[in-house]
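Below: the structure, in structure tokens.
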Amino acid sequence: PNGGESLSIGSGHEITWTAEAVTGILRITLWKDGVKIGVIANNVPPGTGSFTWTVGQYKGGTALAGTGYKIKVKEKGVPVADKSNGGFQLL
């Protein structure tokens, strides 16, 4: 999700990225209003370009319905990262 979407909690949604010159493994995290909620996935190979997310799920819980959510995809161990351009909503 890159902003503006309304996603149903529990449904499947593809998180996608293009990893140019990224060689390390990725971590995908969920954020709400600038605060990290939790890790969605660890140890994701960068070349896969996508991860199927059960909407709302993160390690340790399920996010609540609301607005202001973003996804961050980060290469572990380096500052290379990208985050959703805008917030999305969980229903």
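For segment 68-91, give me each residue that is over 12 Å from the mean Cα position of the chain (by Cα) and in a strand (DSSP E or B). Within segment 68-91, 68, 75, 89, 90 qualify. Scanning segment 26-67 for residues that are open to solvent by 80 Å² or more (accessible area, probe 1.4 Å) and part of a loop (DSSP other than H, G, I, E, B), which turns out nearest to residue 82 (Cα to Cα)? If we take residues in segment 26-67 being open to solvent by 80 Å² or more (accessible area, probe 1.4 Å) and part of a loop (DSSP other than H, G, I, E, B), then 33 is nearest to residue 82 (Cα to Cα).
Against the list (1) in contact (Cβ under 8 Å) with a residue 60 or more places away in the chain; (2) over 18 Å from residue 2 (Cβ atoms); (3) hydrophobic (A, V, I, L, M, F, W, C), the condition residue 78 fails is (1).
Yes or no: segment 5-25 includes at least one residue that is within 14 Å of residue 91 (Cβ to Cβ) and either open to solvent by less than 40 Å² (accessible area, probe 1.4 Å) or part of a helix (DSSP H, G or I) (or both). Looking for residues that are within 14 Å of residue 91 (Cβ to Cβ) and either open to solvent by less than 40 Å² (accessible area, probe 1.4 Å) or part of a helix (DSSP H, G or I) (or both), one finds at least one in segment 5-25, hence yes. Candidates are the residues of segment 68-91 that are surrounded by 12 or more Cβ atoms within 10 Å (Cβ to Cβ) and among the polar types (S, T, N, Q); the one that is modelled with the lowest pLDDT is 84. Close contacts from segment 13-34, counting a first residue that is farther than 17 Å from residue 66 by Cα and a second that is acidic (Asp, Glu), with Cβ to Cβ under 7 Å and a gap of 6+ residues or different chains, come to 17/82; 22/75; 24/75; 26/75.
The values are calculated or read from the model by the stated rules, or taken from the named source; none is laboratory data. These figures come from a predicted structure and were not determined experimentally. Note: ideal-geometry Cβ built from the backbone for every residue, glycine included; neighbour counts use all protein chains shown. The protein model used for the area step is the full one, side chains on, heavy atoms only, and it has no ligands, DNA or RNA in it. Shrake-Rupley method; radii C 1.70, N 1.55, O 1.52, S 1.80 Å.
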